[in-house]
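Encoded as structure tokens, the structure appears first; notes follow it.
The values are calculated or read from the model by the stated rules, or taken from the named source; none is laboratory data. Note that this is a predicted model, so its numbers are computed, not measured. In this analysis, Cβ positions are derived from the backbone assuming ideal geometry, glycine residues included, and neighbour counts consider all displayed protein chains. Just so you know, the surface numbers come from the protein's heavy atoms only, side chains and all, with ligands and any DNA or RNA stripped out. Shrake-Rupley method; radii C 1.70, N 1.55, O 1.52, S 1.80 Å.
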Amino acid sequence: MLTATALAAQGTQVAFGALQQDTDLPVEVTADNLSVDQATGTAIFTGNVVAAQGAMRLSTKKLLVVYREDTQGIERMEATGDVVLVSGPDAAESERADYNIDDGTIVMRGNVLLTQGPSALTADQMTVQLTDGTAQMVGSVKTILQTGDN
């Protein structure tokens, strides 16, 4: 009897995070270094970067923060290098993540690995919808499904 089954698909939708995320909450960023460019309305955080918003945590090597033109908050964030996104019991890793604050989406690209308890899924890309706590995985999606008391 098989104890695991490999699944490969074009795309799959999964729950992500413990709760829906309020994208209006403030974002707290810690890092070793910060460089601000007033002309372009950007800030670059490097070295041990951790960005937190509510129960969600994102760590990365480099985080580009783009402010709105009216300087009323953040428009988007771009994380590159060893990206880890944690929300509740779920964690995802990738090479890059783009967070659009206004529409509440995080698009993770490049060797995406999602772990949820004992389960793990891999894909080329994962789009997280923070407003409803779901994620869509596309491109070379693969998982191992446990079939018994494993």
Got at least one residue in the range 89-100 being charged (D, E, K, R), closer than 22 Å to T143 by Cβ and open to solvent by less than 20 Å² (accessible area, probe 1.4 Å)?
-> yes
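Which residues, taken from the range 38-52, are within 13 Å of R76 (Cα to Cα) and in a strand (DSSP E or B)?
Step one: list which residues in the range 38-52 are within 13 Å of R76 (Cα to Cα), which gives 41-44, 51.
If the condition is that a residue be within 13 Å of R76 (Cα to Cα) and in a strand (DSSP E or B), then T42, A43, I44, A51 are the ones that fit.
Just checking, how many residues over the range 40-53 are surrounded by 13 or more Cβ atoms within 10 Å (Cβ to Cβ) and either under 13 Å from the mean Cα position of the chain (by Cα) or more than 16 Å from T80 (Cβ to Cβ) (or both)?
Residues flagged as surrounded by 13 or more Cβ atoms within 10 Å (Cβ to Cβ) and either under 13 Å from the mean Cα position of the chain (by Cα) or more than 16 Å from T80 (Cβ to Cβ) (or both) within the range 40-53 amount to 5.
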Log entry, pairs with first residue in the range 79-93 being free of Cβ contacts under 8 Å to residues at least 60 places away in the same chain and closer than 19 Å to D22 by Cβ, second being part of a strand (DSSP E or B) and open to solvent by less than 30 Å² (accessible area, probe 1.4 Å), beta carbons closer than 6 Å, six or more apart or on different chains, reads L85/L58; L85/A92
Within the range 1-36, restricting to residues that are modelled with pLDDT of 60 or more and small (G, A, S), the one that is nearest to N48 (Cα to Cα) is A31
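If only one of D22, D37 is surrounded by fewer than 18 Cβ atoms within 10 Å (Cβ to Cβ) and more than 18 Å from the chain's Cα centre (by Cα), which one is it?
Sole residue among the options that is surrounded by fewer than 18 Cβ atoms within 10 Å (Cβ to Cβ) and more than 18 Å from the chain's Cα centre (by Cα): D37.
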Restricted to the range 54-75 and to residues being over 21 Å from S94 (Cα atoms) and assigned to a strand (DSSP E or B), the residue most open to solvent (accessible area, probe 1.4 Å) is Y67
Reported set for the range 102-122 where residues are free of Cβ contacts under 8 Å to residues at least 24 places away in the same chain and assigned to a strand (DSSP E or B) is V107, R109, G110, N111, L113, T122
Is there a residue being at pLDDT below 95 and among the acidic types (D, E) anywhere in the range 109-130? no
